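**Student:** Just dropping this structure here.
The values are calculated or read from the model by the stated rules, or taken from the named source; none is laboratory data. Note that this is a predicted model, so its numbers are computed, not measured. Note that each Cβ is placed from the backbone with ideal geometry, even for glycine, and that neighbours are counted across all protein chains shown.
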Amino acid sequence: MFKTRNGNVVDAKISPGQSFNLTGSKLFTLLTLGLSLGGLILDWTAGRVPLAGVSITLPLLVCALIAAALGYWAVPLLQALKIGQIIREEGPQTHLQKSGTPTMGGLFFVPVGVGVALLWSGLIVRSDDFVSVLAVSIVTLAYGAIGWLDDWKIVRRRSNEGISPRTKLALQIIVGSLFCVWLALSQPESITAISLPLNIVLPLGALFWPLAVFVLVAESNATNLTDGVDGLAAGTCAIALLGLAAIVAPTSVGLMIFCACLSGSCLGFVVHNRNPAAVFMGDTGSLALGGALAAVGLLSQNLWWLFILSGIFFWESLSVIAQVGYYKATKGPNGIGKRLFKMSPFHNHLELSGWTEVQIVATFYLTNAILALLCLAIKI
């Protein structure tokens, strides 16, 4: 409660969804400023010129502009091709109005980040560093191709069922295994260790390889589960990639540029994906982003830091696992069990609890930014 100039008493409580009058456009502006300022600070503190070729800031901004500009051509094209999203009926009822919104947005923004990263790093980094960028680029595009196949089946069948879960998982494992085979052949044996805080190194030996495949599959599926609210997956991935760019910078300029480029392309995509979304990334985008994060984390031996940066994605996945497990464990004679959450993943629970999409996205952005800062504070 507070008094106005004329002495009237006004209730100062802010109703849900009206907090600070935050809109999708304002949240996007905050994300842009945050990523840009973060890139500048990271470059300055590392002694890099922010707008030079070897930096985080310049490739991030270049890819953001290209992806945003390309979207003004790609989104109408997806609409014309009638590549519309099929909304599952068991999801939040407010999402049904999004049915028909163009999907497969990953087709235009992921290639921007990958293509610019390959071109950029090919011009300024060592040949061995460029091979690393090429490897993670192939993994990114391969996981994007799996996502595209799933999206295409959904659009073609006009149902929410794409390729079978077993087929999807098998393809993810195959791509992950091939990447690990290359990793084993091209990297020294020290790659089988995980670096922990306080300069602790945990040697895993042969156990590293099944863990590596698991990380690739789990990370790609986790980002896929997070992609359920306008701007959520793209923005959180942009923040995670920016943090990962700073972490890998001391050991690989090429991977730093790759992460910066993909972070920027995510930001450019949010121009069209912010609430209310004009396009969705689909599995084409979400699986590619998860594959990129995991591949860079593995190749740079930063799995522990990747885990912290992926805290949001991990929690979203954990909420689904916990929901399904609890439901099955409490199933009664009538075949009906109890639920931990109103709906999973967790962002759906918040939405059914009265949170607006913008509130959810803002909270997740802030949480991911705190996790990134925590990583950088400990690591760098």
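**Student:** Tally time: how many residues in the range 20-37 are closer than 22 Å to A245 by Cβ and touching a Ser or Thr at 6+ places or on another chain (Cβ under 9 Å)?
**Tutor:** Residues in the range 20-37 being closer than 22 Å to A245 by Cβ and touching a Ser or Thr at 6+ places or on another chain (Cβ under 9 Å): 2 in total.
**Student:** Those residues that are touching a residue at least 40 places away in the same chain (Cβ under 8 Å) and either touching a Lys or Arg at 6+ places or on another chain (Cβ under 8 Å) or part of a helix (DSSP H, G or I) (or both), I need them from the range 330-357; list them, please. If you could, list the steps in order and put the result at the bottom.
**Tutor:** Looking only at the range 330-357, we keep the residues that are touching a residue at least 40 places away in the same chain (Cβ under 8 Å), and these are 343, 345, 347-348, 351-352, 354-357.
Of everything in the range 330-357, those that are touching a residue at least 40 places away in the same chain (Cβ under 8 Å) and either touching a Lys or Arg at 6+ places or on another chain (Cβ under 8 Å) or part of a helix (DSSP H, G or I) (or both) turn out to be H347, N348, E351, L352, E357.
**Student:** Still on this structure: Considering only residues of the range 279-317 that are assigned to a helix (DSSP H, G or I) and among the hydroxyl-bearing types (S, T, Y), which is farthest from L35 (Cα to Cα)? Break it down stepwise before answering.
**Tutor:** Narrowing the range 279-317 to residues assigned to a helix (DSSP H, G or I): 282-299, 303-309, 311-317.
Now drop any that are not among the hydroxyl-bearing types (S, T, Y), which leaves 284, 286, 317.
On the way: T284: 24, S286: 20, S317: 25 Å.
In this case the residue turns out to be S317.
**Student:** Just one of the numbered conditions (1) free of Cβ contacts under 8 Å to residues at least 60 places away in the same chain; (2) exposed (fewer than 15 other Cβ atoms within 10 Å of the Cβ) is not true of I378; which one?
**Tutor:** (1)
**Student:** Look through the range 156-203, keep the residues that are in a loop (DSSP other than H, G, I, E, B) and surrounded by 15 or more Cβ atoms within 10 Å (Cβ to Cβ), and return whichever of them is modelled with the lowest pLDDT.
**Tutor:** To start, the set of residues in the range 156-203 that are in a loop (DSSP other than H, G, I, E, B) comprises 158-164, 187-188, 197-199.
Add one more test, that the residue is surrounded by 15 or more Cβ atoms within 10 Å (Cβ to Cβ), and what stays is 162-163.
Details: G162: 80, I163: 91.
Top of the filtered list is G162.
**Student:** Right, here's the next one. One residue is enough: does the range 131-143 have a residue meeting the conditions in a loop (DSSP other than H, G, I, E, B), in contact (Cβ under 8 Å) with a residue 24 or more places away in the chain and more than 14 Å from L287 (Cα to Cα)?
**Tutor:** The answer is no; no qualifying residue exists.
**Student:** Moving to a separate point now. Can you tell me which residue among I360, I321 is among the hydrophobic types (A, V, I, L, M, F, W, C), surrounded by 20 or more Cβ atoms within 10 Å (Cβ to Cβ) and assigned to a helix (DSSP H, G or I)?
**Tutor:** On the way: I321 fails: surrounded by 20 or more Cβ atoms within 10 Å (Cβ to Cβ).
After ruling out the rest, the residue left standing is I360.
**Student:** Under 23 Å from L40 (Cα atoms), of a type in the set (S, T, N, Q) and part of a loop (DSSP other than H, G, I, E, B), is that true of T236?
**Tutor:** Values: under 23 Å from L40 (Cα atoms): yes; of a type in the set (S, T, N, Q): yes; part of a loop (DSSP other than H, G, I, E, B): no.
The answer is no for T236.
**Student:** Output the number of residues of the range 31-53 satisfying the condition of being assigned to a helix (DSSP H, G or I) and either among the hydroxyl-bearing types (S, T, Y) or touching a residue at least 60 places away in the same chain (Cβ under 8 Å) (or both). It would help to see each step written out before you state the result.
**Tutor:** Looking only at the range 31-53, we keep the residues that are assigned to a helix (DSSP H, G or I), and these are 31-45.
Checking the rest, the ones that are also either among the hydroxyl-bearing types (S, T, Y) or touching a residue at least 60 places away in the same chain (Cβ under 8 Å) (or both) come to 31-32, 34-36, 38-39, 42, 45.
Residues that pass the stated criteria total 9.
**Student:** Can I ask one more? Can you work out which of the residues in the range 246-278 that are assigned to a loop (DSSP other than H, G, I, E, B) and over 16 Å from the mean Cα position of the chain (by Cα) is nearest to L33 (Cα to Cα)?
**Tutor:** So in the range 246-278, the residues assigned to a loop (DSSP other than H, G, I, E, B) come out as 249-252, 274-278.
In the following step, the residues that additionally are over 16 Å from the mean Cα position of the chain (by Cα) were identified as 249-252, 275-278.
On the way: A249: 22, P250: 25, T251: 27, S252: 26, N275: 18, P276: 20, A277: 20, A278: 22 Å.
Here the residue is N275.
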